[in-house]
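Accompanying notes for the structure given below.
The values are calculated or read from the model by the stated rules, or taken from the named source; none is laboratory data. Because the structure is predicted, anything quoted here is derived from the model rather than measured. FYI the Cβ positions are ideal-geometry reconstructions off the backbone, even for glycines, and counts take in every protein chain you see. Only protein heavy atoms, including side chains, enter the accessible area calculation; ligands, DNA and RNA are left aside. Shrake-Rupley method; radii C 1.70, N 1.55, O 1.52, S 1.80 Å.
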Amino acid sequence: MTNFASRFSRFCLLASTLVLGLVLGSAAVAADQPRSTTWKAGPFDAKAREILAKVIAFPTSLGNRKVPEMAEYLAGEFRAAGFPAEDVTVVPFKLPAEETATLVVRYRGDGTGGKPIVLMAHMDVVTAERDDWERDPYTLVEENGFFYGRGTADNKMGVVGFTTLFLRLKAEKFVPRRDLIIYFSGDEETAQSTTVLMAKDHRKLIDAEFALNSDGGGGNLDDETGKPTLYAVQTAEKTYADFMLTTRNPGGHSSAPRADNAIYDLAAALTKVSNFSFPVMWNDTTIASFREGGKTTPGELGQAMKRFAENPRDEAAAKVLAASPGTIGQTRTTCVATMLDGGHAENALPQRATANVNCRIFPGVKIDEVRAALAQVVGEGVEVAIKSDPLSSDPSPLRKDVFDTVKRVVHQFHPGVPVVPYQSSGATDGLVFRSIGIPTYAVDTIFIRDKDSFAHGLNERIPVKGFYEGLEMWYLMVKDLAGTGKAKR
Ligand SMILES: [Zn+2]
């Protein structure tokens, strides 16, 4: 996919938590619960900080060709820690827009626990303009309790978390019951081709029972009180797709107008699109989201969430959810006009008019079904063509083992915080894994306030305390899932 708007990462989590969120508010956690237990320094904290500083210093945005260097640096760390060379693989990619790479590291288990678990992050970042930033985006700066730098939140924290985790487990001589596979991709923020190509050509390297994705999900802190309000596990992603609507006309002189006109025809078609709704849909994830959200969302919206979770065929409830921009996307495929172009001269009848219609397609719905529905809505005389080559995926099942582990670990740091599955409206590399049948759970370990998060934007940062706590959460989660369970701090 090519449009930046399809990139979902934690920054989009925030848009999505708005749904539950608005509203779970600070009431979600009782006032007498501790914000967080006291932080104890972990044995690999200093190493993690060193690696964070190193990886932030690689400007891995599109066009810089720095991902391969970063991958080699990390590969060196794994080899130095004792991972055999054949288990540390840098796969180079020459894409039309970029030279990049992926990194795969296999941590061998004893095989008693089943198929491997993939731990995924991406090494590339969104472009940062040095002049616009208050601090150099490619130098790690610790200030006011935050780590600043491009990629701190999206998604080099994930890279550091998993890298440090492997080094620590290795140092502790931990033997997992199944293989663990680190997979770091090389162009998540742009074309997302590396993961598509890995799935196609190197499936063996990344094949797994399921994947944990650091590039989505995570915890929210209340903007005012700083108390944790919820922890989201992203289990489904809508498909991002653009459709081009085109009308054509022989044109002519504007002094001699005719009844048929490419711009009027397109305008009429767009009015039809505007008046059209796709059917209401649901899955386990959206039902669970609404059930949780309904508990703490006041008013009519909260009531509608509860009723919809009870009975998604409740049309009145679905109507209330569809009237709110924060919830409509969770109830159906949506399509909306986003760009217009038409005509070629001020004094000529237009020969052609086009509109871009952007759709967020409900998981499980085929892209061509959406194209066909749009074509039917606009009727004859309007061409409807799909742009680029979008990928669709099914929602991941709400695996009990994953959710039990996530709850157990998150609650050791933030007791009582609701752990909620959610469906995002954009796409990460997780979508590619889901599309090839590997269920994927985005479980970033950072807790942050909406107002502190500038992922993709200027002055991107993460809380220092959250960074170190996040390392510990990864350690416990993965030890729990790949060991005998019930890992404790
Ligand atoms: Zn990301």
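Observations on the model:
- Being hydrophobic (A, V, I, L, M, F, W, C) and in contact (Cβ under 8 Å) with a residue 24 or more places away in the chain is a property that does not hold for Ala372.
- Cβ pairs under 7 Å, 6+ apart, first in the range 133-157 and free of Cβ contacts under 8 Å to residues at least 40 places away in the same chain, second within 16 Å of the ligand (Cβ to nearest atom): Val141/Gly149
- Considering the range 393-489, the qualifying strands (runs of 3 or more DSSP E), each wholly inside and each with 2 or more residues that are over 27 Å from Val141 (Cα atoms) and in contact with a helix residue (DSSP H, G or I) (Cβ under 8 Å, 6 or more places away or on another chain), run over 419-424, 440-442.
- Only residues that are away from the ligand (no atom under 16 Å from the Cβ) and open to solvent by less than 10 Å² (accessible area, probe 1.4 Å) were counted across the range 423-446, and they come to 2.
- The residues of the range 193-207 that are surrounded by 23 or more Cβ atoms within 10 Å (Cβ to Cβ) and more than 17 Å from Leu391 (Cα to Cα) amount to a single one, Ile206.
- Selected residue (criterion: surrounded by the most Cβ atoms within 10 Å (Cβ to Cβ)) from residues of the range 82-105 that are within 26 Å of Val125 (Cα to Cα) and of a type in the set (Gly, Ala, Ser): Ala101
- Residue match in the range 215-235 (condition: open to solvent by 50 Å² or more (accessible area, probe 1.4 Å), out of contact with any Pro (no Cβ under 6 Å at 6 or more places or on another chain) and modelled with pLDDT of 95 or more): no
- Wholly within the range 152-252, strands (runs of 3 or more DSSP E) carrying at least 1 residues that are under 17 Å from Phe83 (Cβ atoms) and away from the ligand (no atom under 16 Å from the Cβ): 180-185
- Selection from the range 106-146 of residues that are more than 22 Å from the chain's Cα centre (by Cα) and outside any loop (DSSP other than H, G, I, E, B): Arg106, Tyr107, Arg130, Asp131, Asp132, Val141, Glu142, Glu143, Phe146
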